[in-house]
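To start, the structure under review is shown below, and the notes come after it.
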Amino acid sequence: MTRIEERPMRAIILYDSRTTGGSTDRLIDSIGRELVESGAYVEKAKCRALADYSFVKEFDVVILGAPVYYLVVSSQLLGALVQSNLKKNLRGKKIALFLACGSPEPMALTFYLPQLKVHLVRNRILAEKIFAPHQMDDPETIGDFVEEIEEEYRKANKSRTRSTGIQWDDEALEILDQMPSIFSGKIRATMETYAQQNGITLITPAVLDEARSSPMGF
């Protein structure tokens, strides 16, 4: 699937909430509306620890969020990252994180958010936010979070298309994103040199395979 720069961002909000229509649900709806108003396509899905998350592959950005209960991020979201295929299907995806939490922000950033981030070390995190109770219905705070997601998403996409005009399709980018960061930059440069020399404008998994078997293979 080719990434087209002008295509609207496709985002999904994966969340956990113990109550229907409560403050967390309202926050999620507000985030979704802000994204839609900016031109994004948005869906939301409530997490279940043992669900099938293969549908996540269809989205550019995955927003993960949940409240904190008794010092632990709500269990269905954490359970999905540990017990289901969610983590597998998040490979190469851009992520945004938020927590709804009454604890002081420094504590939340130190003790609660890492409960999610430890499972996302290979992902690019566009934005992260701790929403205090009084911020969960605040349009300005929510708008700032959405604006950060959009801005970092644009930067990430811009950095993937260089002045050479060479582009990477989604599958090839996922392969690149799974490589250790210490190697991925060199591999990107090598691949784009290979593409230029061979008149290739779109790098796909097939092109990666061809390059591996070439004299300049990696």
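The values are calculated or read from the model by the stated rules, or taken from the named source; none is laboratory data. Since the structure is predicted, the reported quantities are computational estimates derived from the model, not experimental observations. Using ideal geometry, Cβ is built from the backbone for each residue, glycine included, and neighbour counts are taken over all protein chains shown.
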- [ ] Report whether or not Glu171 is touching a residue at least 60 places away in the same chain (Cβ under 8 Å), in a helix (DSSP H, G or I) and under 30 Å from Ile13 (Cβ atoms).
- [x] yes
Task: Near pairs, Cβ below 8 angstrom, 6+ apart or cross-chain, from the range 38-49 (closer than 21 Å to Arg18 by Cβ and touching a residue at least 24 places away in the same chain (Cβ under 8 Å)) to any residue that is among the polar types (S, T, N, Q) and outside any loop (DSSP other than H, G, I, E, B) - done: Lys46/Gln76; Cys47/Gln76; Arg48/Gln76; Ala49/Ser75; Ala49/Gln76; Ala49/Gln83
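Return the residues of the range 81-103 that are out of contact with any Asp or Glu (no Cβ under 8 Å at 6 or more places or on another chain) and either of a type in the set (A, V, I, L, M) or not assigned by TED's automatic domain parsing to the domain that holds Ile125 (or both); say none if nothing qualifies. So that I can check it myself, show each step before the final result.
Taking the range 81-103 and keeping what is out of contact with any Asp or Glu (no Cβ under 8 Å at 6 or more places or on another chain), we get 81-83, 86-90, 95, 99-103.
Answer for the range 81-103, where residues must be out of contact with any Asp or Glu (no Cβ under 8 Å at 6 or more places or on another chain) and either of a type in the set (A, V, I, L, M) or not assigned by TED's automatic domain parsing to the domain that holds Ile125 (or both): Leu81, Val82, Leu86, Leu90, Ile95, Leu99, Ala100.
Restricting attention to the range 121-130, and to residues there that are part of a loop (DSSP other than H, G, I, E, B) and not β-branched (Val, Ile, Thr), which single residue is nearest to the chain's Cα centre (by Cα)? Let's see the steps before the verdict.
Step one: of the range 121-130, the residues part of a loop (DSSP other than H, G, I, E, B) are 121-123.
Now narrow it down to the ones that are not β-branched (Val, Ile, Thr): 122-123.
On the way: Arg122: 10, Asn123: 7 Å.
The residue in question is Asn123.
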Task: Residues of the range 99-120 classified as touching a Pro at 6+ places or on another chain (Cβ under 9 Å) and either assigned to a helix (DSSP H, G or I) or basic (Lys, Arg) (or both), total - done: 0
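What do you reckon, is Pro106 assigned by TED's automatic domain parsing to the domain that holds Ile28 and without any contact (Cβ under 8 Å) to a residue 12 or more places away in the chain? Let's see the steps before the verdict.
On the way: assigned by TED's automatic domain parsing to the domain that holds Ile28: yes; without any contact (Cβ under 8 Å) to a residue 12 or more places away in the chain: yes.
Criteria met by Pro106.
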Open item on the list: Report every pair of residues separated by at least 6 positions or lying on different chains whose Cβ atoms are under 8 Å apart, first residue within the range 11-25 and free of Cβ contacts under 8 Å to residues at least 40 places away in the same chain, second part of a loop (DSSP other than H, G, I, E, B).
Closed with: Asp25/Ser17; Asp25/Thr19
Open item on the list: Only one of Val68, Val62 is within 21 Å of Glu174 (Cα to Cα), crowded, with 17+ Cβ neighbours inside 10 Å and not small (Gly, Ala, Ser). Can you tell me which?
Closed with: Val62
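Go through the range 175-205 and report how many residues are assigned to a helix (DSSP H, G or I) and in contact with a helix residue (DSSP H, G or I) (Cβ under 9 Å, 6 or more places away or on another chain). Quick ask: steps written out before the conclusion?
First, the residues of the range 175-205 that are assigned to a helix (DSSP H, G or I): 175-177, 181-197, 205.
Subsequent filtering for residues that are in contact with a helix residue (DSSP H, G or I) (Cβ under 9 Å, 6 or more places away or on another chain) retains 175-177, 184, 187-188, 190-191, 194-195, 205.
Result for the range 175-205: 11.
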- [ ] Considering each residue of the range 95-110, count those that are surrounded by fewer than 15 Cβ atoms within 10 Å (Cβ to Cβ) and farther than 22 Å from Arg26 by Cβ, and give that number.
- [x] 4
Open item on the list: Being buried (at least 20 other Cβ atoms within 10 Å of the Cβ) and under 16 Å from the mean Cα position of the chain (by Cα) is the requirement here; does Ala45 meet it?
Closed with: no
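Residue-by-condition table, conditions (1) closer than 27 Å to Ser54 by Cβ; (2) among the aliphatic types (A, V, I, L, M):
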residue	(1), (2)
Val82	yes, yes
Leu90	yes, yes
Lys93	yes, no
Cys101	no, no
Met107	no, yes
Asn123	yes, no
Pro133	no, no
Tyr153	yes, no
